[in-house]
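Written out below as structure tokens is the structure these notes cover.
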Amino acid sequence: MVKAFEQFEIWWVTGAQLLYGGETVKIVDGHSQEMVDGLNQTGIIPIKVVYKGTVNSSNEVETVMKAANNENRCIGIITWMHTFSPAKMWIKGLQRLQKPLLHFHTQYNAEIPWETMDMDFMNLNQSAHGDIEFGHICTRMRVPRKVVCGYWQSKEAQEKIANWARVAVGVADAHNVRCLMFGLNMNNVAVTDGDRVEFEQRLGYHVDYYPVSSLMDYWKKVTETEVDALVEEYKQQYTIKIDESGEEVYWQKVRSAAKAEIALRRVLKDEGATAFTTNFDDLGDADITNPHFAGFDQIPGLASQRLMAEGIGFGAEGDWKTACLYRTVWFSSQGLPTGCSFLEDYTLNFAGDRSSCLQSHMLEVCPLIASDRPKLEVHFLGIGIRKEQTARLVFTSKVGRGIKATVVDLGNRFRLISQEVECIEPKPMPKLPVASALWVPQPTFEIGAGSWILAGGTHHSAFSYDLTEEYWEDFTEILGIEHVRINKDTTTASLKQDLRNNEVYYMLNKALK
């Protein structure tokens, strides 16, 4: 069990009825408890599953669903029909349910006991019957849910439940995320902007503008003693590399970066925020020659990198959608080994079947994806309102398969686009002192990059080595938003057809409402 998820639980509810008598229900209870205990003992599912009993009537179903809605610890419901559970008794409860739902089509026994099989056994073990009845009512009521089919002791079924559990906990956290925008969206960029009201209605994230002048009030109160302590932490965690800036400038800029980090941390804590955006044209007082200057003397890139590593969502240039999405990626990935980051498409490398795209940013790439110990460097950054020597962590990413995701606002709906990528080893780039990743979009560079553009993807993304396409499929299903998948099986023709079909679906869906 992942320690970070100890405050959450998933409720298991078993469907039955009293037609077969009270003794049968006791057997159902015993089997259900054994199955729940078995799932928890595997260590595969990162969130504790809690057995909430057998429901045998409409009132019992409605009661447990209402209780789930009102229990903050509960992030989702797993239902299983041990025997035949008449689906009309689920209607009121399903109408009430506001938490994610997983329907587990399984059975207590793995195989039919051929030698001893009789009517009593068959009537008791009717999952094939009861689960189909339950599935019908969910479909008729248009209830979004995850369906997992398989024996409860199989690793494959358990891993599917585990994936859904990470989605459910991410959705629960999203409804508690507050993202602060330090400055607004930059340079008339369309793809990073959107409807923040609809965004909160559909996905749960709350996004607020926060004045940079108020952030500067925190910055001015940071003490030199506090800066000293944080710089010592940097020395322990990173390789110190003093380059062309010289030692005096190096430590001056590192100390300024530490001061910015302390200020940002305090604002986020005091405001109850777990995500933020920056705007490199708005860093406080613009006149750094003024003796009463109150502003960052450099883009707070080092702070953004370190905060991302601790689970604070981040988006550059006011990109609040990616800031929120990164927070969900990090939160859901806790306990998984490889890492995640905010990334931006920068420049292309045409090299035949290894054609690729360099992912980076001016500074803000999360060290969780670093292949080696990051180097703390200071170099000149000639962009934005502060063209200054700037501190940053420098590294290249790990090699391996991963997935990038973004959310775009299409006016009548939100679309989440996910794409499988292969991170590959880059050639040395001695004159590019930033963190970076080099990846090949799947299925090929030409199809993958073209598909991302056709789908309207952003130049920013939330990237993970550990999450999968199934994660994003479940995420969008729960939230009721569109999902466009780009993977090894994608063709340009199939993607275009999917986009046309989706356009018709959402237009008709809106008209019917």
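Here are a few things to note about the model shown:
- Of all residues in segment 469-509, those being open to solvent by 60 Å² or more (accessible area, probe 1.4 Å) and of a type outside the set (Lys, Arg) number 13.
- Looking only at segment 396-431, and only at residues there that are assigned to a loop (DSSP other than H, G, I, E, B) and touching a residue at least 24 places away in the same chain (Cβ under 8 Å), the one that is surrounded by the most Cβ atoms within 10 Å (Cβ to Cβ): Arg413
- Verdict on Ala316 being open to solvent by 10 Å² or more (accessible area, probe 1.4 Å) and either within 19 Å of Ala168 (Cβ to Cβ) or out of contact with any Cys (no Cβ under 7 Å at 6 or more places or on another chain) (or both): no
- All positions within segment 255-275 that are in contact with a helix residue (DSSP H, G or I) (Cβ under 6 Å, 6 or more places away or on another chain) and of a type outside the set (Lys, Arg): Ala257, Ala258, Ala260, Glu261, Ile262, Ala263, Leu264, Val267, Thr274, Ala275
- Taking segment 332-356 as the range and being assigned to a strand (DSSP E or B) and either modelled with pLDDT under 95 or open to solvent by 10 Å² or more (accessible area, probe 1.4 Å) (or both) as the test, the residues that pass are Glu344, Asp345, Tyr346, Thr347, Leu348, Asn349.
- Only a single item in (1) in contact with a helix residue (DSSP H, G or I) (Cβ under 8 Å, 6 or more places away or on another chain); (2) part of a helix (DSSP H, G or I); (3) open to solvent by less than 60 Å² (accessible area, probe 1.4 Å) is not met by Gly135, and it is number (1).
- Extreme residue, surrounded by the fewest Cβ atoms within 10 Å (Cβ to Cβ), among residues of segment 204-224 that are of a type in the set (Phe, Trp, Tyr) and part of a helix (DSSP H, G or I): Tyr218
- Matching residues in segment 85-119 - criterion: being touching a Gly at 6+ places or on another chain (Cβ under 7 Å) and either among the hydroxyl-bearing types (Ser, Thr, Tyr) or farther than 18 Å from Val147 by Cα (or both): Ser85, Thr106
- Pairing each residue of segment 273-286 that is on the phi < 0 side of the Ramachandran plot with any residue that is charged (D, E, K, R) and modelled with pLDDT of 95 or more, provided the two are 6+ apart or on different chains, yields C-beta distances under 7 Å for Ala273/Arg178; Thr274/Arg178; Thr274/Arg327; Ala275/Arg327; Thr277/Asp319.
- For segment 1-10, the condition of being in contact with a Phe, Trp or Tyr (Cβ under 7 Å, 6 or more places away or on another chain) and open to solvent by 20 Å² or more (accessible area, probe 1.4 Å) holds for none of the residues.
- Of all the residues in segment 359-380, those that are open to solvent by 20 Å² or more (accessible area, probe 1.4 Å) and farther than 18 Å from Gly339 by Cβ number 1.
- Pairs with Cβ under 6 Å, 6+ apart, first in segment 232-260 and farther than 18 Å from Gly295 by Cα and without any contact (Cβ under 8 Å) to a residue 12 or more places away in the chain, second outside any helix (DSSP H, G or I) and open to solvent by 50 Å² or more (accessible area, probe 1.4 Å): none
- Look at segment 441-463: where a residue is open to solvent by 10 Å² or more (accessible area, probe 1.4 Å) and a partner is among the aromatic types (Phe, Trp, Tyr) and assigned to a loop (DSSP other than H, G, I, E, B), sitting 6+ places away or on another chain with Cβ atoms under 9 Å, you get Phe445/Phe350.
- Scan segment 381-390 for residues that are at pLDDT 75 or above, open to solvent by less than 20 Å² (accessible area, probe 1.4 Å) and out of contact with any strand residue (DSSP E or B) (no Cβ under 6 Å at 6 or more places or on another chain) and the total you get is 0.
- Filter result (small (Gly, Ala, Ser), in contact with a strand residue (DSSP E or B) (Cβ under 8 Å, 6 or more places away or on another chain) and open to solvent by 10 Å² or more (accessible area, probe 1.4 Å)) within segment 161-203: Ala172, Gly194
- Here Arg306 fulfils each of the conditions (1) touching a Ser or Thr at 6+ places or on another chain (Cβ under 7 Å); (2) part of a helix (DSSP H, G or I); (3) of a type in the set (Lys, Arg) apart from (1).
- Exclusive hit being modelled with pLDDT under 95 and touching a Ser or Thr at 6+ places or on another chain (Cβ under 8 Å), set Asn125, Asn176, Asn187: Asn125
- Residue among Pro300, Pro337 that alone is under 20 Å from Lys221 (Cα atoms) and in contact (Cβ under 8 Å) with a residue 40 or more places away in the chain: Pro300
- Only one entry of His103, His129 meets the criterion of being in contact with a Phe, Trp or Tyr (Cβ under 9 Å, 6 or more places away or on another chain) and under 12 Å from Thr14 (Cα atoms), and that entry is His103.
- Subset tally (residues that are open to solvent by 20 Å² or more (accessible area, probe 1.4 Å), over 16 Å from Arg140 (Cβ atoms) and assigned to a helix (DSSP H, G or I)) for segment 65-104: 5
- Some residue of segment 30-45 being open to solvent by 70 Å² or more (accessible area, probe 1.4 Å), part of a strand (DSSP E or B) and within 23 Å of Val169 (Cα to Cα): no
The values are calculated or read from the model by the stated rules, or taken from the named source; none is laboratory data. Just so it is clear, the model here is predicted, and its values are computed rather than measured. Positions of Cβ are generated from backbone atoms using ideal geometry, with glycine treated the same way; all protein chains shown enter the neighbour counts. For the accessible areas, the whole protein counts, side chains as well, though only heavy atoms, and no ligand, DNA or RNA atoms are used. Shrake-Rupley method; radii C 1.70, N 1.55, O 1.52, S 1.80 Å.
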